[in-house]
Each structure stands twice: as C-alpha cells, then as structure tokens.
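So the structure is just underneath, and the comments pick up after that.
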Amino acid sequence: MKVHYYKFLMLFFFVCSISFAQGESISGTVTDDKGLPLPGVNVLIKNTNNGTQTDFDGNYTISASRGAVISFSYVGFETKDVVVAQNTTINIQLATSAAELEEVVVTAYGVSRRSNVTSAISTVGAQDLQDFVPSTSIDNILQGQAAGVQVTAANGRPGNTAFVQIRGVGSINASTTPLYVIDGVPVPITDNTLNNNFNPLGNLNPNDIESLSILKDAASASKYGSRGANGVVLITTKKGKKGDAKIKFISSYGFGERIPDSFDLMNAAQKLEIERQYAALGVGAAQSLPGATATTPEQRQAFIDLDTNWEDELLRKSVIQSNSLSISGAGDRLSYFFSLGYNKDTGIIDRIKGFERITARLNTTYQAKDWLSIDANVSFARSTTDLPRDRNNVQNPFRALYDYNPYDPLFSRDTDGSILLDSQGNPVYNPTTTFFPIALALQTEPENNRNFLILGNVGADLTLSEKFSNRFAVGLVSNRFNRTNRSIAGGVLQGFIGDANFPGTQTENFALDFEYNVSNLLSYNDTFNDLHNVSASFLLEYNENIRTDLFATARGFPSPNIPYLDVAAEATAAGSEEDRRILFSQALFVDYDFDGRYIASASVRRDGSSRFGPDNKYGTFVSGSLAWNIAKESFMDDSFFNDLRLRASYGTAGNQNIPNFQFLPVLGFNNTYNGQTTAVPLRAPNPAIQWESQAILDIGLEFAFLNNRISGVVDYFKKTSKDLLLNRPISFTVGDEDNAIFQNIGEVENSGFEITLNADVIRTENFLLSMGGNITLLDTKVNKLINSQDIVTGTFGNIILREGQDINSYYLVEYAGVNPANGAPQYIDLDGNVTETYNDSFQKIQEGKSPIAKYEGGFYTSVKYKGFGLRGDFVYRGGNYILNNQRQQGIAIGNINRNLRTEAFNYWRQPGDTNVLPSPLFQATADQGGTTRFLEKGDFIRLRTLTLDYNMPRKFLDVIKLESLRLFVTGQNIWTITDYNGDPEIGLGSAESGDQGNAGFVPGEFSLFSYPQTRSYTFGVEVGF
Amino acid sequence: MNNKIYIVVILFLSLGFFACDDELDNAQPFTEGNPDTFFNSPAAFQNGVDGIYRQLWLYYSNPNSGLQGIPDIVSDNVIQAQTGRRSNDDYHDLRYVASTLGPIPLYWSEAYEAVNVANLVIGQINNLNDGPEKDNILGQALAARAWAHFDLARIFGKIPTQSGDANGSLGAVYLKVEDGDTGDPFAQPARETVGSNYAEIIGDLERAKTLIDDDNGEGRLNKNGVNALLSRVYLYNGEYQKVIDAADAVSATLATAAQLPDVYIDKTNAGVVIELSINTTSESNGNNVGVLYSQSSSTATISEYVLDFDFFNSIDANDVRRDVLQFVGTNQGNDYNAIKKFLGEEGQVNGRVDVKVLRYAEVLLNKAEAQFELGQGAQALATLDELRNERFTSFTGGETGAALEDAIQFNRRVELACEGHRFFDLKRRGESISRNATRGDIIDGTGTAPEAPTLAAGDFRFQFPIPTAEINANPTIAGQQNPGY
C-alpha cells in the first residue's frame, strides 16, 4: 500500500526506506476517563519502530502480531500497555495521571515541569502557528499570542520582521528586540545600525517549530545575562517522536491584497475641481495645474476621460503559495525530523517578484552509549526578495498611488489622445507631473536581495554519574547576503543621473554574518530524604559574531540582460569591511524544591563584552525566585483547584545591544574627496559608556480549576531600566556625523499586569467550544535623566523624554482649530494663548500620549464539531497615539500638484464655517506636520486569522489509506475596527525618514508610506501518511 | 571510567574558556583608524585635510540643499518652475522655520563637521616636524576652518555691513582646538557675536596665508585661495582697503570669454580660485549639484528653478554670459529660461560637476566694490572694465557715481548668478529682495508669479533660524534663537 505514495515522494527527490509491518490490523478508540475521544495519542508497538497516533475521533489502526505489546501514551495520562490477543479491536480508556498531567516547559538552559517553574514564561505551541500565511515571520506570528509580548509589524512586506518588545520599552535606543534562542543557539539580530542590520527570523520555516517559550521575568531572563534584558524567546524545533516514520505534507494557496483605506482619494473630476478652486482663491501653486488651465468643458473632459485608479495600475493581488513536507520518527537509539518547505508571496506590488523561500531541516539525536547522546540540528534556508524602495516620494509605489494625479494615465498620450509608442512600438510610461514613472522604475531600477541562512547546532550529553551530567554544544548561525542593485540603461534614473558614456550601473553587495556559540553546561542533581530536590548547573559560554562584507559598483553595460559586473565597461567603486563582537560568560544556576511544594531558584552570571571600554567590560547579573504550589498542600485536597501556584522573582539583566566600539574614538576612511582618501572622525566617543541594566520584579499567580477546564495566569511586573543607553542628540557644534552620542542617560520604568485566561466552555463528545485571551496593561515612566534635562528625540524631533512623564511622550505644537472668522489655522503659544502664527518653539509635551500601547493583547474563540473546526484569533491594542503624517500629506495645501484625499474639499470657505480644514490661503501655517492636529489614537481590534478546517474521520481515512487529512481555509487581517484614519498597524512610517538605527527612531511614531499591511485568503490541505 | 572523562572534559573546557578573556581585551575595529596614532605623516595629515574639504563639499554640492544654489533660490535670480518637483519651495517662498528640513540643518551640521575635522588636524599638527610640509597642512586646515565658520556666520547671523547692530548680534559658535573649545561631546556652547566671529575668521585666514603653499592641486586651498577668501571676508566686514590688498595678492587670471563656457563643463579651471571638486569617474555616485536647478533626461529638462524673467532679460545681448547662464529648457510643452551652469561635464546632463566656490571674477568685483566704497571711482571703473573687457563684445562703460555702483553690482549679479552669492550680496548691502510679482516662470514671463515677491531689508528671515535639533539638544542656544523664529 505504501507504493501509492511513491509518486508523491519522487516529487521531493528523496528516497526513503520504509519498514513493512507484519501481522494483523488492530484498531480501536482511545478515550479519556470521561469517555471523550482522545486525539493524538501515541500508539506504539513496544520494541519496534512501529507506531501511529489516534485521529481526531480517538481512532487508530495499527498492524501488530499476536503477543506484541501495544503501548498507549499521551501527555497528562498514564501510559497503558496491552498485549495483543485474539481480538483485533482494542478500545482503551486512559486514566489521567497526577504526575504526567503537567506540561513540560522549555526554560532557560533546560526544560522543566510547569509546576516547578518559578518564572513567568508564556508558551506558544505549533498549533498556534499553523493558521498564518507561512511567509509571515515568527516574530509577527507572536502578536497577540502571549501576554506581555508587544509585537508591531515593521511593515507589510512579505517576509519582513517585526518590532517585538517584551513588557514594554526596556531600552530606548539600544535595541528592544528580545534575544531569540533556537535550540540553544542565540540568534544574532542587529537592528540598530544604519547599514548592517540583520534579522534571520524571516527565514525560519514556521512548520519546523514545535514551541516558543517567552521568558519574561528576571528568574529566567537573568540567566542570559547581558542579553536577557529585553526578554528571551526560546524557539524549539520539532523532533522525531517514537514510532514509525510519519510523513506530513501541507500545501496551501491563496492571495493577498492591500487593506482598503478608510478614506477616499479624488478622482480626475474632483481633482480638477479642487485645482480650479485653489487657483480661483489665488493659491500660486495651483495656477498652472490643469484644473486652472483647462478652462473649456472639452479640455476638462479630455482630462476626466483619462481618469486613472493608480492603485489598480501599480498594485496587484499577491499570490501566496506554500508547500511543506516533513518526515519524522524515532527508534530506540535514533530520532529524526526532516522537513522541506517552499513559500512564495509575490507581494502586492505589480511588476516585481516579491518573496520566495526554500527551507530544509534535519534534526537528529543518537544514543551512542548508555552515557552518551549526541545530537545535530541543521537547517538551510534560501530566500529572495525584490525590494521596493521605501522612500517618502513617488519612487515608492505606495506613495505614488496616493501622489499621482488621477488625470495622469499610466501611459503617455500623443496629441491625438492615443497611447504614445516609442520607436520600438512599446507604450511609453507617463512620467506624470512628478517626472518619475514608478511603474517603469520598478522594472529599470530593480533591487534584489538574496539570503542563504544556515542554522546548526551539534551537542553531546554525557551522563557522568547518577548525579552529574554535562552538555557540550556548538551552535552556529551563518547568513550569506547578496544584493544586486541595478539602474538599467535607458531607465528612469539613468536618464537623470547616469553617465551618457557609460550606460547602466550595477552594485553588488555581499555580506556574511557568522556567529558561533560554544557552551558547556555541567549539571548536578540530587535528592535528600525524598523531599529535598537540589540541582545546580555551571555554564561557560563563548560567543563571537563576525561580519564581513564586500561591495562593488560598475557602470557601462552592453545589455540589460547581462546583469554581471564582468561585462561592465569599468568598475567605479568597491569596498570591504569586517566587524567582530565577543561575549564571554560564566554562570551558576541553583534550584531547590521541597516536596514539589516550595521551590526556590537562584542564578548568577558574569558576562564580558567587547562592546564596552576597559573599565566597563564585565557585568554581573543575579536573580532569585520562589514559588509555592498551593494546590499541592494537604489543606487543598478537597478544593476544586487543579493548580494554584504563587511565584515571585527578582533579578537583574543587562543590555549591550548597541553598535560596536562606541567607547573608542575612531577615524573613518569610507569616503573620498575628489578621488583622494579622506580621514574624518566617525563619531563622538564615550569611554564611560557601560551596560544598561534592568531590575525586574515579577509576582504571578497561576491557576486551573474545574478539571483544568478553566486556567489562567496573572502577573504583576515592574521593570526598572538603569543606565539607559541612548544615542542621545548632542549639539551640532560638536561636529559629530549623526549629531548624537551613545550615553547612559538615566532610568525608566515599565510596570503593569498581564492576564491570561483559557476556558473550554463546552466540552462534549462531538462539540468543543473554547475561548481564551490575554491582556497586558502597561504603564511607562521616565524616572531620571542626566541633569534632569529633557531629551528631544524621534525622527522629526516630535518625541520627548522628561522626568516623571511617559516614555517617548509626543512633543508637538498644540493645534487650536480653524479660526471661523477667516479660515486661518490656530495654535496655542507658550503663554497658552490662541494665535494664528505657527512657531516651532510652541512645542510642548503631550502628557500621557506616546506611541506605546497602554493595553495590548489577543483573544480567540474556537469551535469544534465532529471533524469541523472554526477558530478566530483577534489582536488588539490601545492607548497609543500615532502622528498621522500620511493624512497630513494627503490634505496638505502645498500638495495641490499631487492627488489629495476627498477630505481636502472640506476647507474653510466663509466666516462661520467650523469643523473644516484651514483655508488654502494659509499654506505656511496650515501645512505643519508636527502639531496635535495630526495626532490620532491608534486603538484597534483586528481579526488576525480566521480559520475553518475539516479533519477527515478515521472511517474515511481508512478507505483512502491516509493517516490524516485536513482541509483548511484561512483569512488573515480580514476585519479591523479602528477610529484611526488609515491603517493603525504601523511600525515603520517610512524607512527613508526614520529606520531602525537612525538616531531618534521610535517604532510606531508616525505613519507615512511604508509597505502597508495586507489581508489574505488561503486554502490548503494537510495530508499525513 | 566515567569520572575520568568527566575530569578531563571539564578541565579542558574550563581552561580553554578562561583564556577567552584575552580575546575580549584585544578586540579592535577593523576598518577604522585610531585618531591618536594615525596622523603621523604629511600624507596622513593631507587625508585629514581632504576630509575637511569633503565636509565642505557635502553642503555645497548637496543636490537638494547645496549652498551652490540655495542663496539664489532664496533671492531674486531665479523663480520656481511650476512643472518641477517644487523642491525647496519653503525656502523660495520664504516660509522657512526652525524645523524646516533641508538647508537649515544641513549647513549647521556639515559646517561644524568640517570644523571638527579641521580641529582634529590642527590639534595634532605637532606630530609633524617643523617645516614647509607642516606649515602647508596647518595653513589649509586653518583656512578651511575659517571658511566653514564664515559660512555659518553669514547664514545664521547678520553680516557686519548689513546693519549697525550686526557686530553686536549673535553669530556662530567659533570652535578652536587651541583654545580648548573642543573635546567634550556633551558641550553646550553659546553663540558668539558676529563681531567676534569675523575677528576669528580673519585671524585664522591671515595666519593661514603665511603658511599655505602656492599650489596644492585641484580642489584644495592654496595661497591664492586664502587671499581671495580674505578679499570676500573683508568686503563683508567693511574693511575696504584690506579687500583691495587681498585682491591684489591673488595672482590669477580671468577666464576669457572663450574659456568661460568650458569652465562650467569642467574642461578648464581658468579663473577658478577655489573649487570643491568631484572625480566623476571614481565618484560616479557622488552628489550631482546641478539637480538643485534641474534634472534632465533625453526627453525633457525638468527645471526646479529657472532664471527670473526680468533678470535674464536685463542681460545685454552683447554679454557672453547670457549664453553661459541660460538655455531653453522644455518640459510639458512649456519653454523656460533654464539654467545652464551645472548641467554636467561635456556631453552629460547628470548635473555632476565641480562646485565653483570663488572665481577670480569675484575677486575683481570685490576689489571694484571696495574701491568704489573708498571713493576711488576711476580705479573702481578700471577694475570693473578689466572684467567687462572679457565679457562683452562691446559695451559703453565710463560710469561714475551711482551708475558706477549699479554697474558693479549688476555685473556682480550676472557674473556670479546661480553660484550661491545673490542672497548674501543683498543681505550684506542691506538691500531688499524684490521679485517681480507679475512675471511668471515661463520663458515669456507668463505662468505662475512668485508666491512671496519681497523680503524687506531688515526682515528677520535674512538670518536663517538655528535648526530645531540644535535648540532641543543645546539649552544654551535654545535661549539664543534668532529673533522672529
């Protein structure tokens, strides 16, 4: 029967030997102690590799000879062994197990039973990941899944990563990204340099992930010392489970599109009309526009006939495609998990390719000796992306679709009004009034990025004695980055800036990010009097990150079809550089519990980092934590609580995530002058710079009752970040390149509550209704700043840090509406008076208003009826503010030569008009972006995923000879409630104006025209053999 | 046996790891130099000096905000073409405020970066042995430092001759390493007076004059350059005899009428005394300064700014500069008096050319103006005619009195048009900016007239505001913003 799969397997070019089981076919149903079917129970024939799992209805079928022992096991239940006798139907009821009930949690440098954990850890399992479009990066998937984790997508570009913050803004400018650790290997993420940013999370295959553990408090984050301050996300990839090889194939297909705007753009007739009105009012910039110059009805009609919806011309429906295959299993000594994945998301920009990724992984463990186990995980990922330019002008299609006038068609027209053709008969793209035909530029100015990521780790576990064990592991992360940036002869840019004698330019960038991590963990475990359990571990870890890069530029290409520098007439520039960072750590972890009821843990870790000067190289981080399993006390024996646990932790963690060598004065030779080498100081050095450190207090209560049908966690946290690192703006007179210096500037505090609740509301044989959700309430405050002096930051200087106020409060000029008498915009001056003048010096702090959400979280509802399931996951956020610069641009009077929002018609026309935009006669004072006029609440609720699926029952599966079959349809981002004027999910406003690594960058501060969020619909099938 | 393995493994690993502390201490940057040890030879010092020039070039050549063009865009030589990108319209329309991006923060930032490099070089100059090489390095650095401060002072402060109160009003912060002004990245210095700025500018230049070589190659300052700069600074400072003396010390020749067109396509450097150069081969991604005025493709010249109708039409048909300055640029069916000076090297339209900072023609005009101011009318006329002889096929000449003054100023305007002088010339003479409120941007004077036709003498906008970022980072200067902003 396995021959049926042969063709399928050939598709993936691998050969697989499969052992044929002998004997009779045994089948049956596995139920729990209440008689409800148990899906996913491991059914294994002892001493063989032959095994299966029960389906959704608890049914299984397995081949076994008479006399064989079948073992039924399931987390939370006692394992049951049955000897095969005459009967070919074996129905089994499993009893819940007190000991096994508890879930095992991946923790810092190990695993632990949930009841023994003294730390605030949220976990996200594989089933929570499966509903997302597979090109969604892991960090984006985390949104709304776990309390205390704030996720803001950088933008909507396929494969792009997110801004993740755990429990608020622990740091203002040093990175706030948590530490990601994949199977024990820390992943290097660089997100605070201008050109060398690196984030491999977009190249992980979500289907490879077994679980994510988010370490939020000091008790576990402190174990990662200098890198734990922003929290830690432990990613565990899948392992083979005991039993015969399981083959799983998932394929999905779908499409995505831009989420429609909540406002309208003008059409050609409207745009002509507003130009006419502006011109009639005497607005200079409108005088020469068609609305003013096309005075006859015929002329106007000619323009109206050209009415163009630029979104239709520049964007498209994206195609989202995904295939993945995994083979996993385990015998007595060897376990394996093998997977292949292919993902494609064309993105919604027409004329470029979008994102494509191929991944492969093999995870194995081998029990080489009784006392020695070795393991190796290795994965490869190759991805390519065509990158649009994230500019704040029409070189960015997402700005162009708002800017291009609707009477400008895609192709130029000749005097007869027909489409203009070039000498080759091809239509000529209309440069439009902006002179930049982005539709052509996307083709002639391509930028393509390619990444090849290798993640690997090998380890050896030695059981030295009953009490001592040791794990030695080497991990590596290596990413090869290539970028090809071209400007094709005859293209848009070449016409302007190209050299007529050397048509076409091309730049090749190459970068190799390489990080290796060598660690040794020696562990000791002992039990005294059967009550006192003690364990201790000693860790040594050496981590080095090396980045090298190389680039070359050449010009003069014979043909646009040969995109290699070899054929260029001459090379014009080249460069290479290298960068290293070393971290060396020693740590001691101690855990103690008394009878599983009273638990105490402590850790101390010393890190040395090359990022700091000689006097500040080393940092020591400590933590202590306690937990009390109240439910295990004898007085709780009759209570309805299944779990009740109180825990508290306090400790310190550090942050070293700033660029290298900020403590040293250095000279840069990066640029030439008139072809000659130049030597200029690169930065203002700060030899006194030192670790940012955090003290984190956490008090939590975990509970479960009514047979675990209702469970939850409540945590209070307070995180105080001292010696905050900030690339702080300094006086320009210092002459620094970015006019900022990395300095320990003060202290901030994040505090709040996290609540998680899950409930199986209805649980019957055929029907399951479960609901759950989480919320994080966050309060931020600046405690101390150097000399109590305010620090003004933000991309446009619209953010301020002031003692006693919220972190990153807005710093804006207060808008006082339009003067009904004359249509002039009014502002509040420093004395609190309303004035018609605008002055930057009127800026003042907007207390309690910042880009940081005050509450955030997610909730879900899941309904299962027989094989059908429907699950909706919502994410929500509120209490944050966004400076809506996108709207400012869409109604700016000075942008009359660009398309505008229809809202622009609503301007002041006569005395007494209220609730209107300023009169176009006041351009100078009205077109000011840094005012409260454009500050809007960012609250929203979004239906992140909605999935309908169907699991085929066993009786049909048996007929078609499949282990499992699941069909699903998923919609992502399909419904949003918000009052915000635009899409409220904003990370990057515009990479050109402010990107990670730019001084003053604050995620979510303002909106502009970065790649927008998309909504998508996919359908797929999951087949198990 | 297991215990033995355990001991061996643990010892091996631990010892190996403890050696890692050394690795930490030895980490050094790979592609960056140590400023304390790098400057140890004249060649290394010249790298530093070239770094100063580069910083100056950055703000002169910036395709969006370059000082090569903004002073014309803010004043009356050009008018905004409505079919352009409307770049710099906050400047052209005289709407700029402290938070306006572009030139205001660019000049304040880049000029101080130039000063910073200059002070680094000057501070380490004693690493070199005494002698002409050391003198030449020091002379270039001092002169470049003065130059950057001079730009700051004239952009953000008043010019001494502008009004009676100018010398007592606020100028720039003058930073000298030898006075201990540098080294503290957290410093929050105060602006000094215009009077003290000019004293220090002149002090640095006069000292540089005695040190610098006669020739340092293209794109670098030399003795002529320092003297030429002095002639300008003295003119701004109202020290007219010194203008004449400095001008006389410049041993250069005018670009002839025949050479003049080639000056702007970088075929010759005739008559160019100071320039900031670009090597268009190896720096093919460098700034294209001409984009300030226009971008050209094979099908159109997309002008941002075109010549003011009245101004262009006031240029005599006999004046060779008419053709050097203007060509007919066509865009969207409209013809414009497009600006020709920065289109590119021969055969190019990419706008990538050297920045002409100071030409010998200006030296002569500085001298003529100074002579006129000193009442030496005949000498002034002679100096002016020295220029006119190379610019006109024929001219009447012979002016005296106010007519002579007008002639000097008109020729100055024509000669230096679009090279970044006009705003400062109006400003230092206390004159108004007045654009014809009825003439438009198109070649025949139709089209859209200027949004802001005039800026009266004495208006606060003659001094650019200190950028908001400085105000925010430096509480001292926050209390010293220019009036009106």
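Here is a yes/no grid of residues against (1) closer than 30 Å to residue A:351 by Cβ; (2) modelled with pLDDT under 95; (3) part of a loop (DSSP other than H, G, I, E, B):
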position: A:270; (1), (2), (3): yes, no, no
position: A:273; (1), (2), (3): no, no, no
position: A:277; (1), (2), (3): no, no, no
position: A:285; (1), (2), (3): no, yes, no
position: A:288; (1), (2), (3): no, yes, yes
position: A:295; (1), (2), (3): no, yes, yes
position: A:298; (1), (2), (3): no, yes, no
position: A:303; (1), (2), (3): yes, yes, no
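Just one of the numbered conditions (1) more than 21 Å from residue A:977 (Cα to Cα); (2) within 36 Å of the chain's Cα centre (by Cα); (3) modelled with pLDDT of 95 or more is not true of residue A:928: (3). Test residue B:456 against the criterion of being within 14 Å of chain A (Cβ to nearest Cβ) and more than 24 Å from the chain's Cα centre (by Cα), and give yes or no. No, not satisfied. So, of the residues in region A:619-659 that are among the hydroxyl-bearing types (Ser, Thr, Tyr) and over 19 Å from residue A:583 (Cβ atoms), which turns out to be farthest from the chain's Cα centre (by Cα)? Looking at the filtered set, the residue picked out is A:634.
When you go through (1) over 30 Å from residue A:152 (Cβ atoms); (2) more than 14 Å from chain B (Cβ to nearest Cβ); (3) in contact (Cβ under 8 Å) with a residue 24 or more places away in the chain one by one for residue A:872, which number turns out not to apply? Condition (1) is where residue A:872 drops out.
Here the condition is being at positive phi, away from chain B (no Cβ under 14 Å) and surrounded by fewer than 20 Cβ atoms within 10 Å (Cβ to Cβ); of A:867, A:848, A:878, it holds for A:848 alone.
Among the listed residues A:544, A:515, A:447, A:508, which satisfies the condition of being without any contact (Cβ under 8 Å) to a residue 40 or more places away in the chain and of a type in the set (D, E, K, R)?
Values: A:515 fails: without any contact (Cβ under 8 Å) to a residue 40 or more places away in the chain; A:447 fails: without any contact (Cβ under 8 Å) to a residue 40 or more places away in the chain; A:508 fails: without any contact (Cβ under 8 Å) to a residue 40 or more places away in the chain.
It is A:544.
For residue A:918, the conditions (1) in contact with a helix residue (DSSP H, G or I) (Cβ under 7 Å, 6 or more places away or on another chain); (2) under 30 Å from residue A:130 (Cβ atoms) are fulfilled apart from (2). Just one of the listed residues (B:146, B:153) is without any contact (Cβ under 8 Å) to a residue 60 or more places away in the chain and away from chain A (no Cβ under 12 Å), namely B:153.
Look at residue A:456 and say whether it is farther than 30 Å from residue A:196 by Cα and surrounded by fewer than 22 Cβ atoms within 10 Å (Cβ to Cβ). Write out each step before concluding.
On the way: farther than 30 Å from residue A:196 by Cα: no; surrounded by fewer than 22 Cβ atoms within 10 Å (Cβ to Cβ): yes.
For residue A:456, the condition - farther than 30 Å from residue A:196 by Cα and surrounded by fewer than 22 Cβ atoms within 10 Å (Cβ to Cβ) - is not met.
Screening B:210, B:161 for residues that are assigned to a loop (DSSP other than H, G, I, E, B) and of a type in the set (Ser, Thr, Tyr) leaves exactly one candidate, B:161. Filtering region A:420-450 to residues that are modelled with pLDDT of 90 or more, out of contact with any Leu (no Cβ under 9 Å at 6 or more places or on another chain) and either hydrophobic (A, V, I, L, M, F, W, C) or closer than 28 Å to residue A:896 by Cβ (or both) leaves A:420, A:421, A:440.
Here are A:252, A:220: which of them is closer than 20 Å to residue A:131 by Cα and among the polar types (S, T, N, Q)?
Details: A:220 fails: closer than 20 Å to residue A:131 by Cα.
On inspection, the qualifying residue turns out to be A:252.
Quick test for you: out of A:455, A:462, pick the one residue that is under 30 Å from residue A:372 (Cβ atoms), assigned to a strand (DSSP E or B), within 11 Å of another protein chain (Cβ to nearest Cβ) and not polar (S, T, N, Q). Within the list A:455, A:462, the selection yields A:462.
Taking residue B:196 as the residue in question, decide whether it is away from chain A (no Cβ under 14 Å), touching a residue at least 40 places away in the same chain (Cβ under 8 Å) and out of contact with any helix residue (DSSP H, G or I) (no Cβ under 8 Å at 6 or more places or on another chain).
On the way: away from chain A (no Cβ under 14 Å): yes; touching a residue at least 40 places away in the same chain (Cβ under 8 Å): no; out of contact with any helix residue (DSSP H, G or I) (no Cβ under 8 Å at 6 or more places or on another chain): yes.
Judged against the criteria, residue B:196 is not a match.
Within region B:210-217, none of the residues are within 20 Å of residue B:154 (Cα to Cα) and either charged (D, E, K, R) or in contact (Cβ under 8 Å) with a residue 40 or more places away in the chain (or both). Exactly one residue out of A:993, A:1010 is crowded, with 23+ Cβ neighbours inside 10 Å, closer than 30 Å to residue A:394 by Cβ and in contact (Cβ under 8 Å) with a residue 12 or more places away in the chain: that is A:1010. A residue that is in contact with a helix residue (DSSP H, G or I) (Cβ under 9 Å, 6 or more places away or on another chain) and more than 14 Å from chain B (Cβ to nearest Cβ) cannot be found anywhere in region A:767-785.
What about residue A:205, is it surrounded by fewer than 21 Cβ atoms within 10 Å (Cβ to Cβ) and either among the hydroxyl-bearing types (Ser, Thr, Tyr) or out of contact with any helix residue (DSSP H, G or I) (no Cβ under 7 Å at 6 or more places or on another chain) (or both)? First the steps, then the outcome.
Details: surrounded by fewer than 21 Cβ atoms within 10 Å (Cβ to Cβ): no; either among the hydroxyl-bearing types (Ser, Thr, Tyr) or out of contact with any helix residue (DSSP H, G or I) (no Cβ under 7 Å at 6 or more places or on another chain) (or both): yes.
Against the criterion (surrounded by fewer than 21 Cβ atoms within 10 Å (Cβ to Cβ) and either among the hydroxyl-bearing types (Ser, Thr, Tyr) or out of contact with any helix residue (DSSP H, G or I) (no Cβ under 7 Å at 6 or more places or on another chain) (or both)), residue A:205 does not qualify.
So for region A:375-383 (the condition being among the β-branched types (Val, Ile, Thr) and surrounded by fewer than 19 Cβ atoms within 10 Å (Cβ to Cβ)), does at least one residue qualify? Yes, because at least one residue in region A:375-383 is among the β-branched types (Val, Ile, Thr) and surrounded by fewer than 19 Cβ atoms within 10 Å (Cβ to Cβ).
Report the residue count in region B:459-474 for those that are of a type in the set (Asp, Glu) and within 8 Å of chain A (Cβ to nearest Cβ).
Quick first cut of region B:459-474, residues of a type in the set (Asp, Glu) only: B:459, B:470.
Pick out the ones that are also within 8 Å of chain A (Cβ to nearest Cβ) and you get B:470.
The total comes to 1.
Is region A:556-574 home to any residue that is within 14 Å of another protein chain (Cβ to nearest Cβ), within 33 Å of the chain's Cα centre (by Cα) and of a type in the set (D, E, K, R)? No, region A:556-574 contains no residue that is within 14 Å of another protein chain (Cβ to nearest Cβ), within 33 Å of the chain's Cα centre (by Cα) and of a type in the set (D, E, K, R).
With respect to residue A:903, determine if the residue is on the phi < 0 side of the Ramachandran plot, more than 11 Å from chain B (Cβ to nearest Cβ), in a strand (DSSP E or B) and within 37 Å of the chain's Cα centre (by Cα). Judged against the criteria, residue A:903 is not a match. For region A:541-561, the count of residues that are within 30 Å of residue A:468 (Cα to Cα) and of a type in the set (Ser, Thr, Tyr) is at least one.
Any idea how many residues of region B:73-120 are among the β-branched types (Val, Ile, Thr), at the interface with chain A (Cβ under 9 Å from one of its Cβ atoms) and in a helix (DSSP H, G or I)? Summing the residues that are among the β-branched types (Val, Ile, Thr), at the interface with chain A (Cβ under 9 Å from one of its Cβ atoms) and in a helix (DSSP H, G or I) in region B:73-120 gives 2. Screening region A:944-975 for residues that are among the aromatic types (Phe, Trp, Tyr) and closer than 17 Å to residue A:252 by Cα and picking the one that is surrounded by the most Cβ atoms within 10 Å (Cβ to Cβ) gives A:968. Close contacts from region A:610-629, counting a first residue that is acidic (Asp, Glu) and a second that is surrounded by fewer than 21 Cβ atoms within 10 Å (Cβ to Cβ), with Cβ to Cβ under 6 Å and a gap of 6+ residues or different chains, come to none at all.
None of B:438, B:468, B:448, B:393 is buried (at least 18 other Cβ atoms within 10 Å of the Cβ), modelled with pLDDT under 95, over 27 Å from the mean Cα position of the chain (by Cα) and polar (S, T, N, Q) except B:448. Can we say residue B:296 is within 26 Å of residue B:84 (Cα to Cα) and either buried (at least 21 other Cβ atoms within 10 Å of the Cβ) or at pLDDT below 95 (or both)? Spelling it out, residue B:296 is indeed within 26 Å of residue B:84 (Cα to Cα) and either buried (at least 21 other Cβ atoms within 10 Å of the Cβ) or at pLDDT below 95 (or both).
The values are calculated or read from the model by the stated rules, or taken from the named source; none is laboratory data. In this text the structure is predicted, and so the values were computed from the model without any measurement. Positions of Cβ are backbone-derived with ideal geometry, glycine not excepted, and every protein chain shown enters the neighbour counts.
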